[in-house]
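The block underneath contains the structure these notes are about, expressed in structure tokens.
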Amino acid sequence: MQRGRGDTVGKLRPLPKGLHLKKEGRPKGLGVEVDAMPGGFVCSGSIKGESTSAAVRDVARGKAKIGSIFSKAQKDFYRQHAPNGLRMRDLSVLGPITLLKLKFSPKTLGRAMVAELWMYPDGSRILELSTKSSPADAFRVAAETKAHLAEQGIDLTAEQQTKTKSALKFFAAQVSSAMDAEQESTSA
């Protein structure tokens, strides 16, 4: 948020089968979630941290090292799960993406929801609607939420895609194009 706090997240998706999901064996600070969509689900884990918006902006502008905004726990998590040889300092900043977020509680559903609209620089958009539940209530909550969305006229048969995967694909294409252009200009 502008002129406010910033946050950082180290996320691993999907979680490897050997990672302990029970709280007593879980790395400190690791939150576990299941992202479900029609047709499938994926389990992910993340370690959240705090920063300032100014520190995040400095990294995005290249004025500070990317590792400067992550906590020790996040850096440890990265070292444990990053591909061999990929150091944090080798990472690139991707973005920005304009994001609008709204927390709301539909009376007819009786639970809190979050709507996130991700607006990409090319004009494309992704809308994510989400809610939370305990693992024991996951199937009931999923069925109730699906029924509620259908009652509101939301088409659940449309192509589903995760916002993170879409963002990575979008910016990877931009980085690849920029690298190709740079190679052409140096070889000319």
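When you filter the trypsin sites (Lys or Arg not before Pro) in segment 89-188 for DSSP loop state and at most 10 other Cβ atoms inside 10 Å of their Cβ, you are left with K107. For the chain, the relative contact order comes to 14 percent (Cα pairs under 8 Å, sequence separation of at least 6).
For the chain, a Gaussian network of Cα nodes joined below 10 Å ranks G40, G31, G49 by mean-square fluctuation, and the top entry is G40.
How big is the shadow of the Cα convex hull of segment 5-90, averaged over all directions, in nm²? Let's see the in-between values first.
Details: hull surface 28.1 nm².
Its Cα hull, projected and averaged over all orientations, spans 7.0 nm².
Which entries of K17/K48; K17/K72; K101/K169; K75/K103 have Cα-Cα distances beyond 28 Å here? All intermediate terms of the calculation are to be shown ahead of the outcome.
On the way: K17/K48 21 Å; K17/K72 24 Å; K101/K169 22 Å; K75/K103 30 Å.
Pairs exceeding 28 Å: K75/K103.
Relative to the longest principal axis of the Cα atoms of the chain, the long axis of helix 163-187 makes an angle of roughly 20 degrees. Among the GluC sites (Glu not before Pro) within segment 126-182, those in coil by DSSP and having at most 11 neighbouring Cβ atoms inside 10 Å are E159.
Computing P(r) over Cα pairs in 10 Å bins from 0, in percent directly from the structure and comparing it against (i) 9, 33, 31, 18, 7, 2, 0; (ii) 7, 27, 35, 23, 7, 1, 0; (iii) 8, 34, 37, 18, 3, 0 singles out (ii).
Read the figures in this text as sums done on the coordinates, not as results from a lab. These figures come from a predicted structure and were not determined experimentally. Note that each Cβ is placed from the backbone with ideal geometry, even for glycine, and that neighbours are counted across all protein chains shown.
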